[in-house]
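A quick write-up on the structure given underneath.
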Amino acid sequence: MCDTCGCNITAGNQHLIRPGGKFERTASGAESVDVLRGLLSENDHQAAHNREHFDGHGVLAVNLMSSPGAGKTALLEATIQALAGELRIGVIEGDLETENDAERIRRHGVPAIQIATGTACHLDAHMVHDAVHGLALDELDIVFIENVGNLVCPASFDLGQHRNITLLSVPEGDDKPAKYPVMFRAADRILLTKSDLLPVLDDFDPERARACVRDLATPAVMQTVSVKNGEGMAEWLEWLRAERAAQGERVARGESARPAVQPDGAHLHAHTGAPAR
Amino acid sequence: MHELSVCQALIGQVETIARRESAARVTVIHLAIGPLSGVEPELLRRAWPLAAGATIAEEAELLIEAADIRVECSVCGAESAAKANRLLCGECGDWRTRLVSGDEMLLTRLELERNGGVQHGDTGATTEDSRHV
């Protein structure tokens, strides 16, 4: 476990336990209860198990995060329609209440499991684990996890996904990445949604949004997309196809992948020791 | 907010460790929380009593060390301080940096009471030596 083997000691915290460091173990401190363990290590452990499960079935798992109403479900509906007959998709929906989003997805002939989180503002790896067992993974190529609409909490919980997508819709304003850095830093790709509104909401400057993202020191690409007029859909679908193909190649090599940015030490929590990325 | 979930996860870990150490009571819990962890220390403190009630850590004090954000530049190699929404190199200004610290969300140390005594992992600088077992 991670509290005994030292795998939690990372570049960010090793100064605490180095000789002279704050938590250095001394002769007189023989009864020390130094821990250095991630607060969410139980969740991370479950997430690693989920990821193994996806990998075992050759499935690519993509976590969609955004504020409520940024267009996650609409994007999924358009994606499912566009990839019908090409890639088999399953969806895990997270909301505080209602089965509405899962019903929207099922209308397209795609399996969807709704997680009603009650008061919880995010999905965690245990909730996703229960939902995963409701999906026939052998019959799927991509599982989308539509997280609870929230620009804060979902970023802190690994679910076992391979990639994170964060949506920023035009009506929200171009400085959201500066206001919610943890969320946008977690993204492997940022989708600027409802781009058909750009001519109307002309105070939104995509270049300003892009600069805010760059300030977060992330290489994540930001692209515009509109499910209304189809702008950017081809680029998004091409990214998905490439990620799906890459996942197939990784699985064949016995490897796995994680989102580029992980909480401190989480990249060392590999369940099997398989290379992370 | 998700701080209550974090507190509940923390309690689970604290109880496991306290059992392993045969502790009667947990007195102090040391955490390291970075600004980029997504967890707000003040909200964590407020959520703590809700999660800790009727547990072995009911009366434990939460001591939270707020780690600084520091980045290392992949271009010029400099290490510098940074802000949560501006993680650029402080020397050359390039965006290609690696986070050195600032996203920690760690349980670093527990102080326990066992058989009427106090156990802790410090050198004694902050705790009275007379309380050592």
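Just so it is clear, none of the values below were taken in a lab; they were calculated from the coordinates. Quantities reported herein were computed from a predicted structural model and do not represent experimental measurements. Here the Cβ is made from the backbone with ideal geometry for all residues, glycine too, and neighbour counts use every protein chain on show.
Share of antiparallel DSSP beta bridges in the range B:20-103, in percent to the nearest 5? Display every interim value, and only then the final one.
Working: 8 of 14 bridges.
Percent antiparallel among DSSP bridges in the range B:20-103 is about 55.
Computed packing ranks the peptides A:196-207, B:18-29, A:72-83 as A:72-83, B:18-29, A:196-207, most packed first, by mean other Cβ atoms within 10 Å. Scanning residues 5 or more positions from B:L31 or on other chains, those with amide H under 5 Å from its amide H are B:L63, B:I64, B:E65, B:T108, with H placed 1.01 Å from N in the peptide plane. Whole-Hz Karplus values for the range B:84-89 come out as 4, 10, 8, 9, 7, 5 Hz, taken residue by residue from phi with 6.51 cos²θ - 1.76 cosθ + 1.60 and θ = phi - 60°; glycine and proline positions read x. Computed over neighbours whose Cβ is under 13 Å from that of A:N100, the net charge equals -4, Lys and Arg +1, Asp and Glu -1. Scanning residues 5 or more positions from B:K83 or on other chains, those with amide H under 5 Å from its amide H are B:L88, with H placed 1.01 Å from N in the peptide plane. Computed over the range A:137-239, the quotient of the alpha carbon radius of gyration and 2.2 N^0.38 Å is 1.10.
Annotation for B:R45 and A:A242: the two label points, set 7 Å from Cα along the Cα-Cβ direction, are 4.7 nm apart.
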